[in-house]
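The structure appears below as structure tokens.
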Amino acid sequence: FILILIINLMIKSISSPTNPLIKNIVHLTDKSRARKDSGTFVVEGQREILLALKGGYLPKTIVFNPTIVSYNHLLDLYGNILFDTEMIEVTNLVYNKIAYREGTEGVIAIFSYIEKHIEDLVLKNINPFILVAEAPEKPGNIGALLRTADAAGVDAFIIANPNTDIFNPNIIRSSVGGVFTKQVVSGTSMEIINYLRKHKIKIFCATINDSSVSIYDQDYSGPTAFVVGTESTGLSQDWVNAADQNIIIPMHGHLDSVNVSVSAAIILFEAVRQRMLAKN
């Protein structure tokens with residue numbers, strides 16, 4: 001009884017969609033500048049929040065709709081961290097205002113973050129396996145690349161010359177929380193090239209030019225970074241010049257390219273295959 005009483009005292013309630021916190025959640029969802037200025041971002045969904053917690057991100061506030069999900073269920077999912085987090089229950093009206101996606105699971109959290117740059121990257125694997133994306137623009141593509149990077153087991157996902165912040169809600173949603181499962185850092189192309197060279201990591205750039213060879217003709221069993229560009233403009237000359245080897249996926253149809261996340265998947269899993277064979 002005492003525990004239930006304490007929990008009830010901990011949980012605040014909001015019933016007005018014009019409440020400042022609710023307005024702030026909407027602002028954080030819509031505006032990259034708001035996320036950057038405050039050092040906070042919004043995560044929606046039970047699984048995504050759990051992955052953020054496992055990734056070491058700290059929640060400031062958790063908002064939930066008790067008609068969709070109970071506090072006890074959240075306690076089972078997230079454990080004692082809820083006792084150190086501001087917990088707020090909201091009405092259907094309020095929740096519908098802040099819910100970003102359909103089929104929501106009744107819970108939204110505000111997390112703190114520190115933007116990570118290339119010099120913050122920690123390579124624990126003595127044989128690094130890295131995916132670099134130069135200037136990706138579409139959140140859906142970034143999310144798909146993150147899912148691909150997670151599936152292939154890369155050590156880090158690096159964004160060169162970013163055009164959007166990694167905590168864009170569309171990226172979190174399309175990555176299904178994959179943004180939290182790997183180290184994600186950013187930097188300029190030259191900063192990243194210098195980092196890879198310093199750590200003796202071979203650079204393989206996915207690009208079509210006279211020096212490009214088939215992805216199946218290269219050895220990826222050692223320290224390796226694959227670099228992909230945008231579908232519209234490809235990779236910049238900085239990367240093409242910096243590559244230890246430019247590579248292409250052999251095409252057997254009438255088209256000369258596939259979606260960037262599909263390209264990354266094909267290349268990464270060729271590397272996975274080679275690395276597994278090298279271990280055996």
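The values are calculated or read from the model by the stated rules, or taken from the named source; none is laboratory data. Predicted, not measured: the structure shown is a model, and the values here were computed from it. Glycine gets a Cβ as well: all are built from the backbone with ideal geometry, and neighbour counts include every protein chain shown. These area figures cover heavy atoms from the full protein model, side chains too; ligands, DNA and RNA do not enter into them. Shrake-Rupley method; radii C 1.70, N 1.55, O 1.52, S 1.80 Å.
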Considering every residue within the stretch 37-53, establish whether at least one is over 22 Å from Val176 (Cβ atoms), outside any strand (DSSP E or B) and open to solvent by less than 40 Å² (accessible area, probe 1.4 Å).
-> yes
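To keep it simple, each residue is scored yes or no on (1) at pLDDT below 95; (2) under 21 Å from Thr29 (Cβ atoms); (3) open to solvent by 30 Å² or more (accessible area, probe 1.4 Å).
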site	(1), (2), (3)
Asn65	no, yes, no
Gly79	yes, no, no
Ile88	no, yes, no
Glu105	yes, yes, yes
Phe111	no, yes, no
Leu123	yes, no, yes
Lys138	yes, yes, yes
Asp155	no, no, yes
Would you say Arg197 is out of contact with any Leu (no Cβ under 9 Å at 6 or more places or on another chain), closer than 30 Å to Ile114 by Cβ, open to solvent by 30 Å² or more (accessible area, probe 1.4 Å) and part of a helix (DSSP H, G or I)?
-> yes
Of the residues in the stretch 56-86, those that are among the aromatic types (Phe, Trp, Tyr), under 19 Å from Phe41 (Cα atoms) and more than 23 Å from the chain's Cα centre (by Cα) come to Phe64
Within the stretch 163-193, of all residues that are open to solvent by 50 Å² or more (accessible area, probe 1.4 Å) and out of contact with any Gly (no Cβ under 9 Å at 6 or more places or on another chain), the one nearest to Arg275 (Cα to Cα) is Gln183
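Please enumerate the residues belonging to the stretch 67-77 that are open to solvent by 40 Å² or more (accessible area, probe 1.4 Å) and part of a helix (DSSP H, G or I).
Residues satisfying the conditions are Asn72, His73, Leu75, Asp76, Leu77.
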On the given criteria, is Leu277 over 20 Å from Ala160 (Cβ atoms) and either free of Cβ contacts under 8 Å to residues at least 24 places away in the same chain or assigned to a helix (DSSP H, G or I) (or both)?
-> yes
Check whether at least one residue in the stretch 146-158 is assigned to a helix (DSSP H, G or I), of a type in the set (Gly, Ala, Ser) and free of Cβ contacts under 8 Å to residues at least 60 places away in the same chain, and report yes or no.
-> no
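Just for the stretch 18-36: of the residues that are among the basic types (Lys, Arg) and in a helix (DSSP H, G or I), which one is surrounded by the most Cβ atoms within 10 Å (Cβ to Cβ)?
Restricting to residues being among the basic types (Lys, Arg) and in a helix (DSSP H, G or I), the top hit is Arg35.
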For Asn209, indicate whether it is without any contact (Cβ under 8 Å) to a residue 12 or more places away in the chain and open to solvent by 50 Å² or more (accessible area, probe 1.4 Å).
-> no
